[in-house]
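Worksheet: the structure to be examined is printed underneath.
The values are calculated or read from the model by the stated rules, or taken from the named source; none is laboratory data. All values reported here derive from a predicted model rather than from experimental measurement. Accessible surface is based on the protein model in full, side chains and every heavy atom, while ligands, DNA and RNA are left aside. Shrake-Rupley method; radii C 1.70, N 1.55, O 1.52, S 1.80 Å.
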Amino acid sequence: MTREHSADGGTELGRFLRARRTRLTPTEAGLAVGAGLRRTPGLRREEVATLAGISIDYYSRLERGKETRPGPSVVDALARTLQLDDDEHEHLRNLASMAARSVSGARSAPSRTVRPGAKQLLEKLRPYPAHIVSRTTDVLAYNPGGLRLLAGMEQWPAKDRNIARYVFLHPVAHELFDDWSNQVRSCVARLRALAGTDPDGPDLTRLAGELLIKSPDFARLWERYDIKAHAHGRKTFHHPEIGDLTLGHQSMELEGTPGHHLIAYFAEPNTPEYDALVLLDMLGSESSPARARSAHGPSRRSYP
């Protein structure tokens, strides 16, 4: 049994191919469409196989997880046929590589330990909100504004603080993000990309399993198999304490960690947004319990 096989007998490779096939129309693929009714959304298996120059049986076996060793030329042909962009093409290569590997034995979840130096960086970024998240978006460390920006998350126990869980399940999240639909797509895309490289990770299977049960929106987006998340840009918030503001954001991978990222939000000094972040930092600092403040060091910084 390969590493990426699941209980339903499929593979991440097969699911990705099927998701991309059903989203590409015959017209987009350059095929003539007859007058009859098509029962299959997107392309049929035989159409993909023909366009890629492989046998129908071979392609069907790929989708069903019965064939797990497609060569580079087959992967490239499928990428062209399915009109994948560069990121999706690379993801398909990774899936093909992972499909042939196997592992055995129980696995432990990746470390959640955040180095003291990384916590000091969070403190130095104040008043800009910032937090460090795991590869599955567990919130591992934060400065005062970094937690307070996600309104209501501070009410959850530390073990439950996860950005994907928050955007799908917290009642405040839908109103907080001006572009909630893009926010949730980005969260699912990040998790889907991880599923392509470590589908059996206990942290991923636990979170995805919970959200598949509790959130129909997550289940729908999970089936789409988008893999492109946004590491930078601008986001507009409708925050219940500091009002409406638009912030820049940047995500940075922390080298030498099991996929931890530092995510920071920022605004130009001497702007209403910057003043709002100073207020948010103060509110977060005043409401944080002593043990949370000590994790980031005492606050000695003053703001203009």
Practice problem: For region 142-240, take the alpha-carbon Rg, divide it by the Kirkwood Rh, and send me Rg/Rh. | Solution: 0.95
Quiz item: Tell me, how many Å apart are the Cα centres for region 129-172 and for region 181-222?
Solution: 16
Exercise. Give the shape of region 108-184 as rounded, prolate or oblate, defined through the alpha-carbon gyration tensor: a ≥ b ≥ c are the square roots of its eigenvalues, a/c under 1.5 means rounded, and otherwise the shape is prolate if a/b is larger than b/c and oblate if not.
Key: oblate
Quiz item: So who's got an amide H within less than 5 Å of the one on ASN162, skipping anything under 5 residues away but keeping other chains? H placed 1.01 Å off N, in plane.
Solution: VAL139
Quiz prompt | Using θ = phi - 60° and Karplus 6.51 cos²θ - 1.76 cosθ + 1.60, couplings along region 221-227 (whole Hz; Gly, Pro as x) | solution = 6, 4, 6, 5, 6, 6, 10
Quiz item: For the chain, what proportion of DSSP beta bridges, expressed in % and rounded to the nearest 5, is antiparallel?
Solution: 100
Self-check item: 5 angstrom amide H check on TYR142, placed H, neighbours 5+ away
Solution: ILE132
Self-check item: Candidate residues ARG45, ARG185, ARG161: accessible-area rank, largest first, probe 1.4 Å
Solution: ARG185, ARG45, ARG161
Quiz item: Rounded to the nearest 500, what is the chain's calculated 222 nm mean residue ellipticity when only DSSP H runs of at least 4 contribute -39500 (n - 2.57) each, over all residues?
Solution: -13500 deg cm²/dmol
Exercise. Tell me which residues come under 5 Å, amide H to amide H, from HIS239 once H is placed; ignore anything under 5 positions away on its chain.
Key: ASP244, LEU245
Exercise. Please calculate the 1.4 Å probe accessible area of VAL172, with all protein chains present, and give it to the nearest 10 Å².
Key: 50
Exercise. Take the Cα atoms of the chain, build their convex hull, and give its volume per residue in Å³.
Key: 156
Quiz item: Karplus couplings for region 174-180 from phi (6.51 cos²θ - 1.76 cosθ + 1.60, θ = phi - 60°), rounded to Hz, Gly and Pro as x?
Solution: 4, 8, 5, 8, 4, 10, 3
Quiz item: Per-residue accessible area for ASP275 at 1.4 Å probe radius, Å² rounded to 10?
Solution: 90
Self-check item: Cα gyration tensor shape of region 46-129, rounded if a/c is under 1.5, else prolate or oblate by comparing a/b with b/c
Solution: oblate
Quiz item: Rounded to the nearest 10 Å², what accessible area does THR50 show when all protein chains are kept and the probe is 1.4 Å?
Solution: 100
